[in-house]
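What follows is one structure encoded as structure tokens, with my remarks underneath.
Bear in mind these aren't lab numbers, they're just calculated from the coordinates by the rules spelled out. Being a predicted model, the structure only gives us computed values, none of them experimental. No Cβ is skipped: glycine too gets one built from the backbone with ideal geometry, and neighbour counts run over all protein chains shown.
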Amino acid sequence: KAGVTQTPRYLIKTRGQQVTLSCSPISGHRSVSWYQQTPGQGLQFLFEYFSETQRNKGNFPGRFSGRQFSNSRSEMNVSTLELGDSALYLCASSSGGDRGLIEQFFGPGTRLTVL
Amino acid sequence: GESVGLHLPTLSVQEGDNSIINCAYSNSASDYFIWYKQESGKGPQFIIDIRSNMDKRQGQRVTVLLNKTVKHLSLQIAATQPGDSAVYFCAEIYYGQNFVFGPGTRLSVLP
């Protein structure tokens, strides 16, 4: 089974721009979660999508948004980029069942650099 | 590869020794606790979880201990191998959906 894939792997943007990151979950997985990882704040939960609906949300501003398509692929969008948005953005997929958030499979991440 | 947590606390152990990685958590209402391993250039990988009504759980070469009295979680790795070198994170889930990660510990296995 192919793992979670994320594109692009690396991205450089400037302040004020917007960016869209993509995540393809493991085949059959219906839940996709997004995380931000920085040296200063560590790993932080952004949101989770299940069957095209946002099911859970972390404590991030509205500039961070996402969506999920009928094939479970997910995109994350960040508008009006700030320097502090530079981070590794991780996507994780799971079956979404009772142990959904517990047994997640992470992708390799997208490294976003904001200049 | 990606650098994760440039200034993380580091635990150095000799190959073959046992490793103990500790984590303090914050919410007494947490339902589950999870340990992840993250190697350079990769996303976190699930190792083991423990429910809040348990105090010990064993996996393959790993044991997780939970002490709710002092809100402390530990991961024990038996017979540490070079492939165990990575950053280890604990995470807590409370109210079934709120996910909080610890800062991580870098494990370095010496030959």
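Here the 3J(HN,Hα) profile of the stretch B:31-40, calculated from phi with Karplus coefficients 6.51, -1.76 and 1.60 at θ = phi - 60°, is 8, 9, 10, 9, 10, 10, 10, 10, 8, 4 Hz, Gly and Pro shown as x. Over all distinct Cα pairs, what is the inverse of the mean 1/r for chain B, reported as the Kirkwood hydrodynamic radius in Å? Evaluated over chain B, this radius sits at 14.2 Å. Here, P(r) means the percent of Cα pairs in each 5 Å bin from 0 to the largest distance; for the protein assembly as shown it is 1, 7, 15, 18, 19, 17, 12, 7, 3, 1, 0. Exposure proxy shown here: for B:I34, B:I50, the number of other Cβ atoms within 10 Å sets the order, fewest to most, as B:I50, B:I34. Lys and Arg at +1, Asp and Glu at -1: add these up for the other residues within a Cβ distance under 13 Å of A:R15 and post the number. Its environment carries a net charge of 0. Given an 8 Å cut-off on Cα distances and at least 6 residues of separation, report the relative contact order of chain A as a percent. Averaging sequence separation for qualifying contacts and normalising by length gives 36 percent for chain A.
When the convex hull of its Cα atoms is viewed from all sides, the stretch A:30-115 shows a mean projected area of 5.6 nm².
Between amide H atoms placed 1.01 Å from N, distances below 5 Å from A:N56 occur with A:E48, all of them 5 or more places distant or on a separate chain.
Close amide-amide hydrogen proximity is noted between A:T5 and A:S24, each under 5 Å apart and 5 or more residues distant or on a separate chain (H modeled in the peptide plane; Pro and chain starts excluded). Dipole size of the protein assembly as shown about its Cα centre, with +1 on Lys/Arg Cβ and -1 on Asp/Glu Cβ: approximately 320 debye, rounded to the nearest 20.
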